[in-house]
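Written below as structure tokens is the structure these notes are about.
The values are calculated or read from the model by the stated rules, or taken from the named source; none is laboratory data. Just so you know, these numbers come straight off a predicted model, no measurement behind them. Counting neighbours? That spans all protein chains shown, and the Cβs are built from the backbone with ideal geometry, glycine included. Accessible surface areas use protein heavy atoms only, side chains included; no ligands, DNA or RNA. Shrake-Rupley method; radii C 1.70, N 1.55, O 1.52, S 1.80 Å.
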Amino acid sequence: MKDTLDPIPAEPSADQESFANRKLIRPPLNRPDHVHNNHGHNHASAERRDGGRDRDRDRGRDRSAGAPAKKTAPTEQTNAENFYYQKQMQSKTPMVIVLRDGEEVHGYIEWYDKNCIKLNRSGAANLMIYKPAIKYMFKEGENGRR
């Protein structure tokens, strides 16, 4: 018959013991943006820590005057285009409009809207030009060629 050895329990290595006894220590996060990401932790204690600032900020009030406010996204509309058109219309500035196909049209801007501009030309018919058809424009007499 076979001689069998009784199983001997293996001794745990020193490395395994040191890993088993380590405890993960996390510092408390006092930043208000982490209050809602507690993953099952007590929300009441988080609200006490930040003094309810996050709740008040959601309502449009911020109790702490020294806390930096969250930056909002910039607005979509800057009105720079409208300002430029208004200025050129009021002074009846002679303009050169270069179309996407390379054609240049000369005149002054009579009016504009969201989709097109009306170019008043002397000695020729007035034009309504769709904005997507415009490559660029410049004041006549300036070196606007690119």
Quiz item: Excluding Ile109 itself, what net charge comes from residues whose Cβ is under 13 Å from its Cβ, given Lys and Arg +1 and Asp and Glu -1?
Solution: +2
Practice problem: Working with all protein chains in place, sort Leu29, Leu99 by solvent-accessible area computed with a 1.4 Å probe, largest first. | Solution: Leu29, Leu99
